[in-house]
Structures are given as C-alpha cells and as structure tokens.
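Everything on this sheet refers to the single structure shown next.
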Amino acid sequence: MPALMKFLFFLLLFVPPAAICQVVSNDVDIHKMEIDKDIFRAMVTFSIDEGVALAGCYEHEIYQPFTVVVKAGPSLSRAEITTGIWADKDYRQGLFMAASCELRYYYNLKRRIRLERTTRNFTASYLSLEPFAISKPLIIFSRSKADAKPASAGLFLNIGYQRQFRKTYLNAFFGTRIGSKIYLSSDVYNVLHGSIAFGRLLYF
C-alpha cells in the first residue's frame, strides 16, 4: 500500500488532473451537455492519504457553476502508531470510515458551455474547499486499536477535474491541507491530499 500511495502522489503532482481523466471514445454521447440538479454516484478511489476507499457520492447544484458534494464510505488506509519507549512512529494498515462535504467552483464550466464542449454532470475543472472527517480505526491489522491514532478532521483546498461519459465517472484532484500547525509536520501524508476515482452514475 505505501508504494501505491507514493506512485499516486507523484502521478498527481506531475500530471495535470485533466490529463489523467480524459476519456478516449469514438462513440457520441447525445447527453453530453446535460447537467442534472441532483447526481448520485458510487465510486472507488485510490488516494494519497486515504488509501483505497469505496464511497457513495451525492452532488447537488447550488447555482451554476457552484455545487456541493457529499461523500462517505469505508477506507482501507495506513494508520499511524507509536512503538517503543521513545514513542517512535510506525504505520500499519487499518479500516476506517471517511466522510467529506465539499464546496466546488467549476471555473471553466461556462466557457465549456459556450464552446459546446462536453459538460455532462459538471464535466469540468474545479477548485474546492473540502472539510473532512476520518473515524478511529475500525480494524488495525497486526496492532491493537489502543495503539492507533484517534479520529481526525480538517480542511483541504483542492484543484481537480471530473468527467462523465454516459454512466462512467472519472475524477482526479490534488490539494493541500489548510492550517498552520499541520505544516510543522514532516509527514507528507498529513499535508497533501490527492485522489483518482472511478465510478458509475446511479439513479434514484
């Protein structure tokens, strides 16, 4: 898992999110300009800080180009633990619950509409503020729950790109955690935030 997270970190750092999420297809989506008011998705994400996660996602249009995105689900990720009499840092994999409520601004959405490019369900680049919360570990592999870090919460500033083609959903973003104290940490996973997500559109 650490190797995967390092790969994702460098990929998200050096490759623009829009380039990661481009969908190559010869088919024509007749609904490519449609934007639903309420959008439900199921997705799997590969994240720098949350590892591999399954999530339900709900996106609601506030007023174009602003939306709110709520995500929640289980996450298989690393857990910080302390070992030895000197409280040395170590890591083990654990199962957590993660949730966030994100305010997005799609800064190139109106331009894409004018150019008649694909905007299906907010297919565009965005900036966002993402308050998040991660539970205490439900399961720690090879360690007791008492050794694991407690629940945490914070705020991220993200830049990202999402695309929907028919019912298939792709998203990539990169961000940094807001807060002066966090930058005193030498652990890059406490400061940086990024993810690649694959999902499907759901109807209710």
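The values are calculated or read from the model by the stated rules, or taken from the named source; none is laboratory data. Because the structure is predicted, anything quoted here is derived from the model rather than measured. Using ideal geometry, Cβ is built from the backbone for each residue, glycine included, and neighbour counts are taken over all protein chains shown.
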**Q.** Among (1) of a type outside the set (D, E, K, R); (2) surrounded by fewer than 16 Cβ atoms within 10 Å (Cβ to Cβ); (3) at pLDDT 95 or above - the single one Ala19 does not satisfy
**A.** (3)
Q | In the range 141-176, residue modelled with the lowest pLDDT [restricted to those that are assigned to a strand (DSSP E or B) and under 20 Å from Gly94 (Cβ atoms)] | A | Ala148
**Q.** Candidate set from the range 35-74 (those that are basic (Lys, Arg) and surrounded by 20 or more Cβ atoms within 10 Å (Cβ to Cβ)); member that is nearest to the chain's Cα centre (by Cα)
**A.** Lys71
Q | Matching residues, the range 101-140, being assigned to a loop (DSSP other than H, G, I, E, B), surrounded by fewer than 15 Cβ atoms within 10 Å (Cβ to Cβ) and at pLDDT below 95 | A | Leu115, Glu116, Arg117, Leu138
Q.
Which of the numbered conditions does Tyr189 fail, given that it passes all the others? Conditions: (1) buried (at least 16 other Cβ atoms within 10 Å of the Cβ); (2) within 30 Å of Met33 (Cα to Cα); (3) at pLDDT below 95.
A. (2)
